[in-house]
Structure formats: structure tokens, C-alpha cells
Amino acid sequence: MKEEKQQTINEEEMKEAGVHYGHNKTRNHPQAGYFTVKSYTELSFIDLEETAKALEVALNYIKEIVKKKGSILFVGAIAGARTKIQELADKYNFPYVTNRWLGGTLTNFKTLSERIKYLKELEEKKKSGEWQKYTKHERKKLEDQMAKLEEQFIGLKNTTQLPDALFIIDPKIHDTAVREAQKMKIPMIVVLDTDDDPTLVDYPIPANDSAKSSITYILNKVDEAIEQAKKGK
């Protein structure tokens, strides 16, 4: 089993995906030093040995959650992450956020649930034909309202309880999500770069958190881990 994991997380493949590219040295966070390789260029590089170790720990944790039939909320609003996050979450029926994080998503979950319930009611009334009793102007207002709610809550519509963990791409962009998870004591698995503080999260994965190829590599490994866990491996 150990041999299989070593084959799965391959440093050469990570290099090809650009996982090792960090930020300009002037942007490096002091706490990121342990996974930052010394270089003679202005650009920082990530120690892929550290990435491999951290990724294996994170994947094992994800497997634990999946085996217990828990829920992971995937968060990735940056261009390089959106499509892959949505595909992965949809594949396993997990919640996701690929648009702007709504303040209070975790800390004011009751209100979030009420808004989602209202969205579903609007959809049901439209489907049943109940909207026909309204004027054209009133129906247009309802359509606009429903479209706005749909945009806000896409990926969260089937959420009935707080997640067991968050999986976040780039904690700096999603700092509100990080703070809310900390407040609610929800564990975080986070893909972060040399400009981020890994001590703020539970399972930091050092990697290029902006390049699509790097993000895709990490999420493919997450996909494999979920698949294995569902098969009881």
C-alpha cells in the first residue's frame, strides 16, 4: 500500500505541472520558510518533498472523511480552479463555492439555509405553474430574484448542515472563508503558496496556488483519494 502511494505522488509529475513555482521572494511569508527552497533568482521555489509529504497527509484525512460519509466544502474562486472544483464536487455530490464567498456562509449558517430554502420554493412554484397568476412585471422580478439567488448559492443548494472540512485553493483570496472556518472550528485542507501562512490552517499543502496545471494536479490526486475511499481502500 505504501508503494502505491509513492507512485501516486510523483515529484517529476509535480514539476511538470509547475507545482514548485512560488512567488517573488519579496512576497514570501516568514512561516513558509520550511517549504521554500533557497534560490539565486528573484522567484521562490517550493520544496516538492514537503509538498509530497503534506499531500499524502491531506489525502489520508480526506479518505477518513469520505469513509465516514462526511462532507467536504470545496472553495476555489480563482480562474484556474473554478471548473475543476465544480467538476470534482459535482462528481461526488459535495458542496462547493466557485463565486465570491458570502460572508456568514459558515458563521450564520441558519440564514444561509433559509435563503436556500426560499430559492427552492421559488423554483418549485415556477415549475408548478403558480407564477402564472402574477403579472408579467411581477414574474420578471421573481425571475431576477431567482437568478441572483441561483448565482449566490450555486454549489450550496443541497447543503443541509455544516461541512466536516473545507478544501481551499489560495487562503489569501479566501481569507473570509478561513476566518469563518477557524471560528467554527472546522478543519481546513488548504493549497497555499510561499506568500501564505501555513500555521493558520490544519492541513497545508505547499504548491503553486494560481497556475491551472498545478491546481489540476492536486485536485486529480484528491479525486483519486475520494474514489479509493468510496471503494473502501
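The values are calculated or read from the model by the stated rules, or taken from the named source; none is laboratory data. This one's a predicted model, so the numbers in the text were calculated from it and none came from an experiment. Note that each Cβ is placed from the backbone with ideal geometry, even for glycine, and that neighbours are counted across all protein chains shown. To get the accessible areas, we keep the full protein, side chains included, count just its heavy atoms, and leave off ligands, DNA and RNA. Shrake-Rupley method; radii C 1.70, N 1.55, O 1.52, S 1.80 Å.
Take THR111, THR216 and sort them by solvent-accessible surface of the protein heavy atoms, 1.4 Å probe, largest at the top.
THR111, THR216
Annotation: amide H of VAL190 within the under-5 Å range of ILE168, TYR203, ILE205, sequence separation 5 or more or interchain, hydrogens built in the peptide plane.
Length gained on full extension, LYS53 to LYS157: 34.0 nm, using 0.36 nm per residue less the C-alpha separation. Just the number, please: carbon plus sulfur as a percent of the accessible area of the chain, 1.4 Å probe, no ligands or DNA/RNA counted. Answer for the chain: carbon and sulfur cover 49 percent of the accessible area. Net charge around GLU13, counting only other residues with Cβ within less than 13 Å of its Cβ (Lys, Arg = +1; Asp, Glu = -1)? Summing Lys/Arg as +1 and Asp/Glu as -1 gives -2.
Just so you know, the Rg over Rh for the chain is 1.05, from Cα atoms, with Rh as the Kirkwood radius. Maximal additional length on extending the LYS110-SER128 stretch stands at 3.8 nm, based on 0.36 nm per residue less the C-alpha distance. Within the shell of other residues whose beta carbon sits under 12 angstrom from the beta carbon of ILE78, the net charge comes to +2, with Lys and Arg scored +1 and Asp and Glu -1. Counting only heavy atoms of the protein chains and using a 1.4 Å probe, ARG115 has close to 100 Å² of accessible surface. Of ILE65, ILE168, ILE46, the residue with the greatest mean-square motion in the GNM of the chain, using alpha carbon springs below 10 Å, is ILE65.
Taking 0.36 nm per residue of separation and subtracting the Cα-Cα distance, full extension of the segment from SER213 to GLU143 would add 21.5 nm. A 1.4 Å probe run over segment 118-233, with the rest of the protein chains in place, finds 52 Å² accessible per residue.
GNM on the chain, alpha-carbon springs under 10 angstrom: the most fluctuating residue among GLU143, GLU180, GLU50 is GLU143. Let me check against my output: what whole-number percent is the relative contact order of segment 86-233, with C-alpha pairs under 8 Å and at least 6 apart? The normalised contact order for segment 86-233 reaches 21 percent. When the chain is treated as a GNM with alpha-carbon contacts under 10 Å, the residue of MET14, MET188, MET146 showing the greatest mean-square fluctuation is MET146.
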